[in-house]
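Down below is the structure, laid out as structure tokens.
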């Protein structure tokens, strides 16, 4: 396992990295002087759920020395982890038990409450300047307001700043003791950030509130590689997900983006000055961005990656000149020929070919990368660069960690599988039956209606 982070690095992870929240409750007596336990926890516990988030201000070095012991209540990992944790914690403090539907609905209400304050009211937004600053460090306010409407929006620092005040709720964020730089492998929890502390004291407006205690874990994917093997004609889905290194999109997500693009294109043709003959194809019922077999256009891939503020650039573009000289300066390439897409991606400083026709990602040396890209171009392949801030991690232990054809592999396992496949005539494939292909085509067609 990788060496544990320093305190400063942990806080930087919290602000910009990968976070998992659960609820801690039922405290045992606090322990600050006992030696930490000697056991090392499982690296990927099956019940752990994680998601991206940014977390805020530190409680300072003195507080970080205090180790507290609590029981942990798991929270469903569906993208609502932060909001679910808050809802469950506030209900717990009031002695209320929520059923799964109530927990989910209340979590969505919290998310939309943040949206109303930050996005829908200029006057209210002025009261949450600190949250707005935290948001706009990473993205535009407009982009944020688009994303927060999605039910799978991942909350973090900004939402904690808003909700602690909206709900008059003190919130304390902890990390596991074993993730602290100087605490060994203990089983306790260390407080690292606090929001709404003033509500613990009470005032003329209300009684003191019990804090909701949230558990954050900065465990990474441990160098694992995410790979998807070919399903029907869904290589575009596989390509996008391997660029992002996680099962972020399904064929239905891309089909919805394709439908949106078709609508926009038809509207442009109707409103423009293009001749009827030239616009006839775009005004037809047939989609120009997805085939019934599941093949998607480059515009769909671009739109999908734009969700993560990633930009797709043609390799022959002037802005891609440096990549032509030294492709190792980049992080990802998308390759396309006829009806096949795949990506070449740098993961943990190493390059891999994530072609879905292969049973595992194939390692590429930095020296071979340029030659391989040149050979693809000479064979007629279109090459695109992907630039931007890539997702740092994906919740590989969450309920969404598999879409049926994706898998997480260590570099060693990937190498072993590739070597095994080299003894066969061609890369191994996952082949669907004819009936499965027909069912998939029908489902995609239905999603476009």
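So for the pair residue 419, residue 105, with labels modelled 7 Å out along Cα→Cβ, what separation do we get in nm?
The modelled label-to-label distance comes out at 5.7 nm.
Set the Förster radius R0 to 56 Å, insert the Cβ-Cβ distance between residue 378 and residue 207 as r into 1/(1 + (r/R0)^6), and round the FRET efficiency to 0.05.
So the FRET efficiency works out to roughly 0.15.
Ordered by packing density, taken as the mean number of other Cβ atoms within 10 Å over each peptide's residues, highest first, how do 166-172, 317-323 rank?
Ranked by mean Cβ neighbours within 10 Å, highest first: 166-172, 317-323.
Order 342-354, 105-117 from most to least packed using the mean count of other Cβ atoms within 10 Å.
Highest to lowest by the protection proxy: 342-354, 105-117.
Determine the gain in length on full extension of the stretch residue 66-residue 250; use 0.36 nm per residue of separation and subtract their C-alpha separation, reporting nm with one decimal.
61.9 nm
Quickly rank 237-250, 120-133 as a protection proxy: mean count of other C-beta atoms within 10 Å, highest first.
237-250, 120-133
What distance in nm separates the two pseudo spin-label positions at residue 123 and residue 371, each 7 Å out from Cα along the beta-carbon direction?
Roughly 6.9 nm, to one decimal.
Readers should treat all values here as calculations from the given coordinates under stated rules, not as data from a laboratory. Owing to the predicted nature of the structure, the values given are computational and were not obtained by experimental measurement. Reconstructed Cβ throughout: ideal geometry from the backbone, glycine too, with neighbour counts over all protein chains shown.
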